[in-house]
Amino acid sequence: MSKNNMPWYMNAVFYEVHIRAYCDSNNDGIGDILGLISKLDYIKNLGVDCIWILPIYPSPLKDDGYDIADYYNVHPDYGTLEDFKRLIQEAHNRGLRVIADLVLNHTSDQHHWFQTSRSEPNSKFRDYYVWSDTDDKYADARIIFLDTEVSNWTYDEKAGLFFWHRFYSSQPDLNYDNPAVVEEMQRVMKFWLEMGIDGFRADAVPYLIEREGTNCENLPETHQILKGFRTYLDENYEDKILLAEANQWPMDVLAYFGDGDEFHMGFHFPVMPRIYMALRKGDASPIHWIMSQTPDIPDNTQWCTFLRNHDELTLEMVTEEERQWMWAEYAPDPRMRLNLGIRRRLAPLLDNDPRKIMLANALLYSLPGAPIVYYGDEIGMGDNIWLYDRNGVRTPMQWNDRLNAGFSEAKPETLYAPVIDNEEFSYKVINVEAQEHDPHSLLNKMRHLIDVRKLHPIFALGAYEFLAKEHTKCLCILRTHSDEQVLCLFNLTNSVQQLSLDLAAFADRDIVSLIDGNSLGKIKLAETELELEPYEFQWLSLKC
Ligand code: NOJ
């Protein structure tokens, strides 16, 4: 694929926003769509291409909106459908795209489909959900929300039956063996696409279909249904994307790309914890290993990579031993742990050390895939482990050092969640306004990193190769696209590292830093010696 004909998502940087948490325009203590619109210039200036917004639909909010009660409206806390249309227009006017969550697997138990299903056995909605006389079917399916759920079945008094759910018991799973459900979801897609959105982050896709004797994940029938959604998209729209949330091993995610005819993008989950492992151990091996387990994907598809998101830092895709190690290192307080993960933000995880934060980001951007920035991580926001569930990483965005961090003018006690105000991460110190004015701030460094990455589509398209694998204290990645090379170097340790690289194949070329434009001289036939400061990274172009 050449730089000129690549689809937009190949070289995109995404920004994940929780509207509830971003900016409150009507001062009721809850962020809203108009608030987000007022911050679109900030987002544009960050250099990202596409905003992913968390669910905004009417919902009892038992799972912060992933429990949808009506697919065709906006939760009154967030605004109206008109506001949403304006958001899309305003974003598009600035050259930003917007994708939204498509929650396929389940609804809220408050959805009228479920309410009718449980109370009217003869209605067409009975078969919209997965009901059973017993709670012993599909026993090989794991429980995902381990801290709260004891079974994937819950008894419903009204129906006199058990219903199936992979997440909270307030989120009954839809029955995708019923073609009517598939049609319903296609209608939902159409509704939002007609409104102008640029695609969907499809939630929890591995679990659509259940079959006895399997773990009920990644089944061929599930892929058939997903391919149908893609066909619908391709037949009716242009330039829209489907991004798969499948928390699985890369070999299993491969199937979600199909032959380039299922998802355009898929999250790469397991590389994420290994970046944290590599940094804490000062050892590149976990990254070498997971990339060796990462297959090539079809040409027109792309991985989507991230360091953090709105959920716990998931440790599902690591061994038990690695999980215990990650918990011991990164979640020493039991309150920091949730399900099989860690409920902390990027900056606190990385000791609030800007060198480590920038290194982790640059490392992520150097691997194949299109990266996501989680709102607030670009300024190094902290978290609040004392809030319920995953709410501690969903606190109000910190805009300035004034009332409620500039998020809202409501009375502080009426905010949906308190702003972070602890010693190290207080909004009085960590906020957008302060960082705007400081050329060396994390925010400005992140902007520069994003700009550089986007200026060089080699990061999105290029092949990659690890160099000097035996020198595990550093990670060395050579990206190549046609006759262009970029060398990405990372010192994963707190001490100076000398690197000796065989770059004879590129002899006589200039080594130029992409970050500051400085030249490091010409490549020689002999080994090239390079020195990296503690936690330093370099992006070096090998210019012909
Ligand atoms: C994945 C979402 O990221 C998470 O927040 C949600 O709880 C589950 N899917 C269930 O929808």
Ile342 being more than 24 Å from Met265 (Cβ to Cβ), within 16 Å of the ligand (Cβ to nearest atom), within 20 Å of the chain's Cα centre (by Cα) and among the β-branched types (Val, Ile, Thr): yes
Qualifying helices (runs of 4 or more DSSP H) (wholly inside segment 1-117; at least 2 residues being surrounded by 21 or more Cβ atoms within 10 Å (Cβ to Cβ) and in contact (Cβ under 8 Å) with a residue 40 or more places away in the chain): 19-22, 33-38, 81-93
Cross-chain or 6+ apart pairs with Cβ under 6 Å, segment 126-149 first and on the phi > 0 side of the Ramachandran plot, then at pLDDT 95 or above and of a type outside the set (Phe, Trp, Tyr): Tyr138/Glu210; Tyr138/Cys216
Number of positions in segment 55-113 that are away from the ligand (no atom under 16 Å from the Cβ), closer than 30 Å to Trp131 by Cα and under 23 Å from the mean Cα position of the chain (by Cα): 1
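Would you mind stating whether Glu409 is of a type in the set (D, E, K, R) and within 15 Å of Asp24 (Cβ to Cβ)? Steps first, please.
Values: of a type in the set (D, E, K, R): yes; within 15 Å of Asp24 (Cβ to Cβ): yes.
Yes; evaluated as a whole, the condition is true for this residue.
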Any hit, segment 197-212, residues being without any contact (Cβ under 8 Å) to a residue 60 or more places away in the chain and within 30 Å of Lys85 (Cα to Cα): no
For Met185: the one exception among (1) at pLDDT 95 or above; (2) within 15 Å of the ligand (Cβ to nearest atom); (3) part of a loop (DSSP other than H, G, I, E, B): (3)
Top-ranked residue in segment 120-166 [being in a helix (DSSP H, G or I) and crowded, with 18+ Cβ neighbours inside 10 Å; ranked as farthest from the ligand (Cβ to nearest atom)]: Arg126
Subset of segment 267-321 (residues that are under 30 Å from Asn4 (Cα atoms), hydroxyl-bearing (Ser, Thr, Tyr) and in contact with a helix residue (DSSP H, G or I) (Cβ under 8 Å, 6 or more places away or on another chain)): Thr294, Thr301, Thr305
Which numbered condition Glu120 misses (of (1) out of contact with any Ser or Thr (no Cβ under 7 Å at 6 or more places or on another chain); (2) under 28 Å from Leu243 (Cβ atoms); (3) among the charged types (D, E, K, R)): (2)
Check on Trp289, of a type in the set (Phe, Trp, Tyr), more than 16 Å from the ligand (Cβ to nearest atom) and more than 21 Å from the chain's Cα centre (by Cα): yes
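Is it the case, given these coordinates, that Ile290 is surrounded by 19 or more Cβ atoms within 10 Å (Cβ to Cβ) and in contact with a Phe, Trp or Tyr (Cβ under 6 Å, 6 or more places away or on another chain)? Steps first, please.
On the way: surrounded by 19 or more Cβ atoms within 10 Å (Cβ to Cβ): yes; in contact with a Phe, Trp or Tyr (Cβ under 6 Å, 6 or more places away or on another chain): no.
Criteria not met by Ile290.
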Selection within segment 192-224 - within 29 Å of Asn5 (Cα to Cα) and away from the ligand (no atom under 16 Å from the Cβ): Trp192, Leu193, Glu194, Met195, Gly196, Ile197, Asp198, Gly199, His223, Gln224
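Within segment 505-523, how many residues are touching a residue at least 12 places away in the same chain (Cβ under 8 Å) and either surrounded by 13 or more Cβ atoms within 10 Å (Cβ to Cβ) or part of a strand (DSSP E or B) (or both)?
Going through segment 505-523, the residues touching a residue at least 12 places away in the same chain (Cβ under 8 Å) turn out to be 506-515, 520, 522-523.
Of the ones still in play, those that are also either surrounded by 13 or more Cβ atoms within 10 Å (Cβ to Cβ) or part of a strand (DSSP E or B) (or both) are 506, 509-515, 520, 522-523.
The number of residues fulfilling the criteria is 11.
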Close pairs from segment 219-245: first closer than 17 Å to Asn300 by Cα, partner part of a helix (DSSP H, G or I) and within 16 Å of the ligand (Cβ to nearest atom), Cβ under 6 Å, at least 6 apart: Ala244/Val205; Ala244/Tyr256
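The values are calculated or read from the model by the stated rules, or taken from the named source; none is laboratory data. Because the structure is predicted, anything quoted here is derived from the model rather than measured. Don't worry about glycine lacking a Cβ; one is built from the backbone with ideal geometry, like all the others, and counts go over all protein chains shown.
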